[in-house]
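Below you'll find the structure, written out as structure tokens, and then a few comments.
The values are calculated or read from the model by the stated rules, or taken from the named source; none is laboratory data. Just so we're clear, the structure is a prediction, and the values are computed from it rather than from any experiment. Cβ placement follows ideal geometry from the backbone for every residue including glycine, while neighbour counts extend to all protein chains displayed.
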Amino acid sequence: MIEDIRKGCCVDCGKSIGATSTRCRSCAGKRREFSEESRKKMSEAHKGRSPANKGKSMSEDAKKRISIAKKGIKLSEEHIEKLRMIRKGKRHTEETKRKIGNTHKGMRHTEETKKKISKIHKGKRLTEETKRRISEANKGKKHTEESKQKMSKATKGRKVSEEHKRKISEALRGKRLSEDTKAKISSALQRRTDLSKVMKNLHKSPNKLEERVIRVISDFNLPYKFVGDGSLTICGLNPDFVNYDGKKKLIEVFGDNFHGGKGTFVKITWRQTEFGRKSVFSQLGFDTLVLWESELKHMMDKEIADTVVMFTEGKC
């Protein structure tokens, strides 16, 4: 090696180089494989030292140049596998997860990226361990009202294809429901079956607010029928009035105390609220008009009729 250097030759390939160099440019750019002993020595030598770039952040210009330089470069399968093995078993700290979350907040995938992700995951099945972890991570979490609204809008009007139904059927085939799940389903079905009877018992006759709206509908010949006696249920809910003229329109008459109106502090469920009611009905394509007790008190019959007409014609 000393003789090669003195002669001005590359120690790897023997090409002629400058007297001060040991390798030619071609050989110097190649990745060298160090032995375990060499790696150990280098590790010991660097112990206790701080990296030269510690605490420093790259300028936007430097980041942009690196991004341009790496654009279009694809990692080999071997490289990807090595990176996977290095990261295997490692977990992000809560702080790192928070930083990653903040970085990706507001970002949206392009349609092209979505297609690529879909193609990568096609045919892959989650292991039971992964499913369990996802289940544990989501346990106790509740969707915000905003999330519920977004999900409602995203699924509005969607129909499950026959292929999708077949896949769901195949995925569930052979699986047995736990006794707890069976009891929950049975209870839910029983509640739904008895809902009409319960509603009829609760509403043997329309209340005063509903009677007034019934009178207005009759006087102004509006195409609505009273069904608040439990004669119609939609997704387990009983609307007050339904349009019988071929339009998917519903009218709800809300008492302030029973539906969380202004100035009331009664604890109610999400499905009892105006937003919850409209969200549930909209899943089946129904538009809903809510007439509040506090508003009806200050409205003349003609004003109520005009409001219903405008709603029916899609103007409000």
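Some points to look at:
- Residues of the range 297-316 that turn out to be among the small types (Gly, Ala, Ser) and either closer than 10 Å to Phe220 by Cα or modelled with pLDDT of 90 or more (or both), as a count: 1
- Considering Lys74, Lys115, Lys88, the condition of being charged (D, E, K, R) and surrounded by 10 or more Cβ atoms within 10 Å (Cβ to Cβ) is satisfied by Lys115 alone.
- Verdict on Ile251 being modelled with pLDDT of 95 or more and touching a helix residue (DSSP H, G or I) at 6+ places or on another chain (Cβ under 9 Å): yes
- Residue pairs whose Cβ atoms lie under 8 Å apart, sitting 6 or more positions apart in sequence or on different chains, and linking a residue in the range 274-292 that is in contact (Cβ under 8 Å) with a residue 24 or more places away in the chain to a partner that is in a helix (DSSP H, G or I) and β-branched (Val, Ile, Thr), are Gln283/Thr155; Leu289/Thr307; Leu289/Val308; Leu291/Val213; Leu291/Ile304; Leu291/Thr307.
- The requirement of being among the charged types (D, E, K, R) and either at pLDDT below 85 or not in a helix (DSSP H, G or I) (or both) is satisfied by Lys30.
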